[in-house]
Amino acid sequence: MSNRPIGIFDSGIGGTSIFKEIHSLLPNESCIYLADSKNAPYGNKTKKEILQLCIKNTEYLLKQDCKIIVVACNTATTNAISYLRKTYDVPFIGIEPAIKPAALNTKTNAVGILATKGTLSSQLFHKTTDLYAGGIKVIEQVGEGIVPLIESGQLNSKRMVTLLNYYLEPMVKADIDHLVLGCTHYPYLIPILTKMLPKKVTIIDSGLAVARQTQAILQSNDLLNTTDSQPSISFYSNGDIEVLRTIIDNKFNSSFLDF
Ligand code: DGL
């Protein structure tokens, strides 16, 4: 049993989509969320740069006595999680594009994946795709420009709609019936994507799977908080805290921190 907090980090505000799933599954758990918005996007950085940022975020969270770290970022997971697991003595949960369920369920034999350059070029992504999507047409698309728009509060802008139309067109032409969201910022686009895509396209977001995995690992390590103490939830951003506040419940603490 442990009432120490769960540490969560992302390159910015996207990982709050993962926090929301974790909080709804594990409402008793305290959480500290780091939005490294100052360094967003991670997706165009080198593996070495991504690794250094992940080390910085992890060490900050470990100083706050976190019992587990959720890497709420596909780009960070695919490039850095094996190093983090080897280096630090706490469990790490990561998130990877959910190619497997898309490949298993496609009827048109074509699936789309929207993710960052850092994720799509990672070894881990290629390994997963080779393993589960052999014989299936996988239309990969780098979501260039999407994260900066979300980070600057332009989620519902015209520019976003134009970009998404451009990225989705080849996928729709290829007759995809599943779209995998390979970046934790993208679940915030689901209302726009649903309007744009043909009805038969299922959008796959792995937030709930990550929350369930967090629960399972806490349980198997005897780290769940089984007391009924009030959880403490804090969000920190080293970027524009007001943008973060537009997407989280205002009952949570949120502040600027130059970590
Ligand atoms: N939320 C991050 C991810 O899941 C965004 C990556 C970025 O900062 O480019 O990949």
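None of the figures in this text is laboratory data; all of them are computed from the coordinates on show. This one's a predicted model, so the numbers in the text were calculated from it and none came from an experiment. Note: ideal-geometry Cβ built from the backbone for every residue, glycine included; neighbour counts use all protein chains shown.
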How far apart, in nanometres, would the label points at residue 62 and residue 216 be if each is projected 7 angstrom from Cα along the Cα-to-Cβ direction? 2.6
Does a label point 7 Å from the Cα of residue 144, set along Cα-to-beta-carbon, have any residues of segment 99-124 with amide nitrogen under 15 Å, and which are they? 115-121
Taking H placed 1.01 Å from N in the peptide plane, check which residues at least 5 places from residue 139 or on another chain put their amide H under 5 Å from its amide H. 111, 112, 113
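Would you mind estimating how fast the chain diffuses translationally, via Stokes-Einstein at 20 °C and 1.002 mPa s with the Kirkwood radius over Cα pairs, in µm²/s?
Working: Rh = 18.5 Å.
Translational D for this selection: 116 µm²/s.
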Just want to confirm a number: the relative contact order over the chain, from Cα pairs under 8 angstrom separated by 6+ residues, in percent. 28
Given charges at Cβ of Lys, Arg, Asp, Glu: the chain dipole, positive-most of 183, 108, 224: 108
Amide H contacts under 5 Å for residue 254, restricted to residues at least 5 apart in sequence or on another chain and with H modeled in the peptide plane, are 235
Projecting each Cα onto the charge dipole of the chain (Lys/Arg +1, Asp/Glu -1 at the beta carbon, about the Cα centre), which of 99, 27, 83 comes out farthest on the positive side? 99
Grab the other residues whose beta carbon is less than 10 angstrom from that of residue 236, score K and R as +1, D and E as -1, and report the net. -2
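How much length is gained if the chain between residue 25 and residue 209 is pulled fully straight, taking 0.36 nm per residue apart and subtracting their Cα-Cα distance, in nm to one decimal? Mind showing how you got there, number by number?
Details: separation 184, 0.36 × 184 = 66.24 nm, distance 1.07 nm.
Computed gain between residue 25 and residue 209 is 65.2 nm.
May I ask you to compute the full-extension gain from residue 229 to residue 172, defined as 0.36 nm times their residue separation minus their alpha-carbon distance, rounded to one decimal in nm? Could the numbers behind the result be given before it?
Details: separation 57, 0.36 × 57 = 20.52 nm, distance 4.89 nm.
Taking residue 229 through residue 172 to full extension adds about 15.6 nm, to one decimal.
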Helix-derived [θ] at 222 nm for the chain: sum -39500 (n - 2.57) over DSSP H runs of at least 4, divide by residue count, nearest 500? -13000 deg cm²/dmol
Could you give me the ³J(HN,Hα) list for segment 164-172, computed from phi with Karplus coefficients 6.51, -1.76, 1.60 and θ = phi - 60°, whole Hz, x at Gly and Pro? 5, 4, 5, 6, 7, 3, x, 5, 5
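Report the charge-dipole magnitude of the chain in Debye, nearest 20, computed about the Cα centre from +1 at each Lys and Arg Cβ and -1 at each Asp and Glu Cβ.
Roughly 500 debye, rounded to the nearest 20.
What do you get for trypsin sites (Lys or Arg not before Pro) in segment 157-259 restricted to DSSP loop and a cutoff of at most 14 other Cβ within 10 Å of the site's Cβ? Mind dumping the intermediate values first?
Working: sites: 158, 159, 173, 195, 199, 200, 212, 245, 251; in loops: 199, 200, 251.
Answer in residue order: 199, 200, 251.
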Under the Karplus relation 6.51 cos²θ - 1.76 cosθ + 1.60, θ = phi - 60°, what is the ordered set of whole-Hz ³J(HN,Hα) values for segment 55-62, x standing for Gly and Pro? 5, 4, 5, 4, 5, 4, 5, 5
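Strictly over 23 Å apart at the Cα level, which of 100/199; 20/251; 20/158; 45/251; 48/127; 107/173 would you flag in this model? Write out the running numbers ahead of the final one.
Numbers: 100/199 21 Å; 20/251 13 Å; 20/158 27 Å; 45/251 34 Å; 48/127 20 Å; 107/173 15 Å.
As for pairs spanning more than 23 Å Cα to Cα, those are 20/158; 45/251.
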